[in-house]
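Presented below is the structure to which this report refers.
The values are calculated or read from the model by the stated rules, or taken from the named source; none is laboratory data. This structure is a prediction, so every number in the text was calculated from the model and none was measured. In this analysis, Cβ positions are derived from the backbone assuming ideal geometry, glycine residues included, and neighbour counts consider all displayed protein chains. Only protein heavy atoms, including side chains, enter the accessible area calculation; ligands, DNA and RNA are left aside. Shrake-Rupley method; radii C 1.70, N 1.55, O 1.52, S 1.80 Å.
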Amino acid sequence: MALVIAQPDKKPKVILPPVTPSKGLSPAEVSAIAQQVIANVEKVIVGKHEQVVMAVAVLMAEGHLLIEDVPGVAKTMLARALALSAGATFKRIQCTPDLQPEDVLGEARLDATTGRTEFYFGPLFSQFVLVDEINRASPRTQSALLEAMGESSVTAGNVTYRLQKPFMVIATQNPVEQEGTFFLPEAQKDRFLIRMSLGYPLLADEKQMMERFQLQHPIETLQPITTPDNITKCQQAVREIKVSSDLNDAILKIVRATREHPALLLGASPRASLGLFRAAQAMAAIEGKDCVSMEHIQSLAQKVLAHRLIVSRDEKFKNAKVADVVNEALRTLAAP
């Protein structure tokens with residue numbers, strides 16, 4: 001009698017559909033999110049539409065913002081309103097001469113209960129970080145921000161920690177009061193994509209502010225209108241905005257003109273070229289356009305380049321201004 005061995009039933013093969021990568025946001029979608037953020041921030045910041053748009057452009061370009069202005073013109077409120085609108089985490093660092101790097105980055109501490117050394121994260125481990133009066137911190141503490149701003153990471157000992165995206169540093173400094181301050185080193189200023197000021201409001205805008213503040217501060221009722229994930233998607237979409245070869249040449253021509261200008265000791269760096277490139281992409285996306293125009297580059301050149309330039313110490317250039325140098329660089333675009 002033959003022995004028959006029963007064969008187990010073969011399970012049907014499951015065929016899964018191919019995984020298609022998620023489609024990125026279109027310029028129109030990026031523009032819609034950006035306009036919502038701008039409108040939300042303007043519930044707090046009155047009469048400063050251009051500056052609010054510029055701050056959102058820095059965010060979309062994955063950059064950092066330096067606000068240089070006198071006290072009381074809503075520098076801190078702009079940073080808080082931007083973070084709240086994006087639904088992101090926010091920390092404020094008040095700079096003083098005795099502020100230490102570990103006060104910003106965090107430090108390893110011994111836990112008495114477990115006997116283990118653990119790293120305690122400092123305020124820099126946040127998605128939006130306001131560094132208030134950055135020029136009051138010592139150069140050693142200022143330099144602690146360099147890695148985070150350049151690489152979106154923090155190294156402590158032998159461990160490197162990646163910072164959560166989106167990550168944006170908004171630093172402020174008072175250009176009038178210089179007692180007890182430390183000038184920002186060039187490497188630090190070069191990390192900021194844009195420098196801008198807010199200025200005093202118009203009379204009608206200041207009156208509107210007073211009326212809004214009568215019962216409570218508008219920041220207390222401000223609600224998120226998007227998510228950090230959506231902001232990250234917007235940043236990825238900005239990278240897809242087209243920049244023609246001719247416009248790349250125009251950016252390089254402007255930057256090279258600053259390097260060759262006789263009134264300057266230091267011209268714009270390659271990081272400045274990339275910054276102007278990315279800022280123009282962000283501004284085009286905010287406007288819902290799929291490509292950069294010459295107008296975007298011309299309108300952003302001052303804000304991206306001026307703070308990176310150093311005037312020569314030569315006596316004959318003592319009255320030279322970096323704004324005039326950038327304007328001269330822009331005029332080279334008309335030259336053959």
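Among the residues of segment 300-316, those identified as among the charged types (D, E, K, R) and under 18 Å from GLU68 (Cβ atoms) are LYS303, ARG308. Looking at GLN36, is it out of contact with any helix residue (DSSP H, G or I) (no Cβ under 7 Å at 6 or more places or on another chain) and at pLDDT 95 or above? It is true that GLN36 is out of contact with any helix residue (DSSP H, G or I) (no Cβ under 7 Å at 6 or more places or on another chain) and at pLDDT 95 or above. Answer with yes or no whether LEU300 is open to solvent by 60 Å² or more (accessible area, probe 1.4 Å), modelled with pLDDT of 95 or more and in a helix (DSSP H, G or I). The answer is no for LEU300. Residues considered: PRO21, PRO71. Of these, the only one that is surrounded by fewer than 21 Cβ atoms within 10 Å (Cβ to Cβ), over 30 Å from ALA187 (Cβ atoms), at pLDDT below 95 and not small (Gly, Ala, Ser) is PRO21.
Going through (1) within 20 Å of the chain's Cα centre (by Cα); (2) within 20 Å of ASP190 (Cβ to Cβ) one by one, LEU266 falls short only on (1). In the set ALA285, ALA268, only one residue is buried (at least 17 other Cβ atoms within 10 Å of the Cβ) and under 22 Å from GLY150 (Cβ atoms); that residue is ALA268. Does segment 119-127 include one or more residues that are touching a Lys or Arg at 6+ places or on another chain (Cβ under 9 Å) and among the polar types (S, T, N, Q)? Looking through segment 119-127, at least one residue is touching a Lys or Arg at 6+ places or on another chain (Cβ under 9 Å) and among the polar types (S, T, N, Q).
Each row is one residue, and each column tells you yes or no for (1) surrounded by fewer than 19 Cβ atoms within 10 Å (Cβ to Cβ); (2) within 15 Å of GLY87 (Cβ to Cβ).
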residue	(1), (2)
ILE225	yes, yes
THR232	yes, yes
VAL238	no, no
SER244	yes, no
ASN248	yes, no
ILE251	no, no
VAL255	no, no
GLU260	yes, no
ALA263	no, no
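Output the number of residues of segment 36-62 satisfying the condition of being over 17 Å from the mean Cα position of the chain (by Cα) and open to solvent by 40 Å² or more (accessible area, probe 1.4 Å). Count: 6. Say whether the condition of being closer than 28 Å to ALA282 by Cα, over 18 Å from the mean Cα position of the chain (by Cα) and of a type in the set (Ser, Thr, Tyr) is met by at least one residue in segment 200-216. There is at least one residue in segment 200-216 that is closer than 28 Å to ALA282 by Cα, over 18 Å from the mean Cα position of the chain (by Cα) and of a type in the set (Ser, Thr, Tyr).
Looking only at segment 93-114, how many residues end up being open to solvent by less than 70 Å² (accessible area, probe 1.4 Å), without any contact (Cβ under 8 Å) to a residue 40 or more places away in the chain and in a loop (DSSP other than H, G, I, E, B)? Within segment 93-114, residues that are open to solvent by less than 70 Å² (accessible area, probe 1.4 Å), without any contact (Cβ under 8 Å) to a residue 40 or more places away in the chain and in a loop (DSSP other than H, G, I, E, B) number 1. Taken over segment 185-207, residues that are in a helix (DSSP H, G or I) and either open to solvent by 70 Å² or more (accessible area, probe 1.4 Å) or over 16 Å from GLU42 (Cβ atoms) (or both) amount to 8. For segment 303-330, the tally of residues that are outside any helix (DSSP H, G or I) and open to solvent by less than 20 Å² (accessible area, probe 1.4 Å) stands at 1. Identify, from the list VAL169, VAL159, VAL131, the residue that is more than 17 Å from LEU198 (Cβ to Cβ), open to solvent by less than 20 Å² (accessible area, probe 1.4 Å) and in contact (Cβ under 8 Å) with a residue 40 or more places away in the chain. VAL169 is the lone residue from the list that is more than 17 Å from LEU198 (Cβ to Cβ), open to solvent by less than 20 Å² (accessible area, probe 1.4 Å) and in contact (Cβ under 8 Å) with a residue 40 or more places away in the chain. Checking GLU295 against (1) at pLDDT 95 or above; (2) within 18 Å of GLY63 (Cα to Cα); (3) not polar (S, T, N, Q), which single condition isn't satisfied? Going through (1) at pLDDT 95 or above; (2) within 18 Å of GLY63 (Cα to Cα); (3) not polar (S, T, N, Q) one by one, GLU295 breaks only (2). Just a yes or no: is a residue in segment 279-288 of a type in the set (D, E, K, R), assigned to a helix (DSSP H, G or I) and touching a residue at least 12 places away in the same chain (Cβ under 8 Å)? Looking for residues that are of a type in the set (D, E, K, R), assigned to a helix (DSSP H, G or I) and touching a residue at least 12 places away in the same chain (Cβ under 8 Å), one finds none in segment 279-288, hence no.
Would you check which residues across segment 39-92 are among the aliphatic types (A, V, I, L, M), in contact with a helix residue (DSSP H, G or I) (Cβ under 8 Å, 6 or more places away or on another chain) and not in a helix (DSSP H, G or I) and list them? Of everything in segment 39-92, those that are among the aliphatic types (A, V, I, L, M), in contact with a helix residue (DSSP H, G or I) (Cβ under 8 Å, 6 or more places away or on another chain) and not in a helix (DSSP H, G or I) turn out to be VAL44, ILE45, VAL46, ALA61, LEU65, LEU66, ILE67, ALA86, ALA88.
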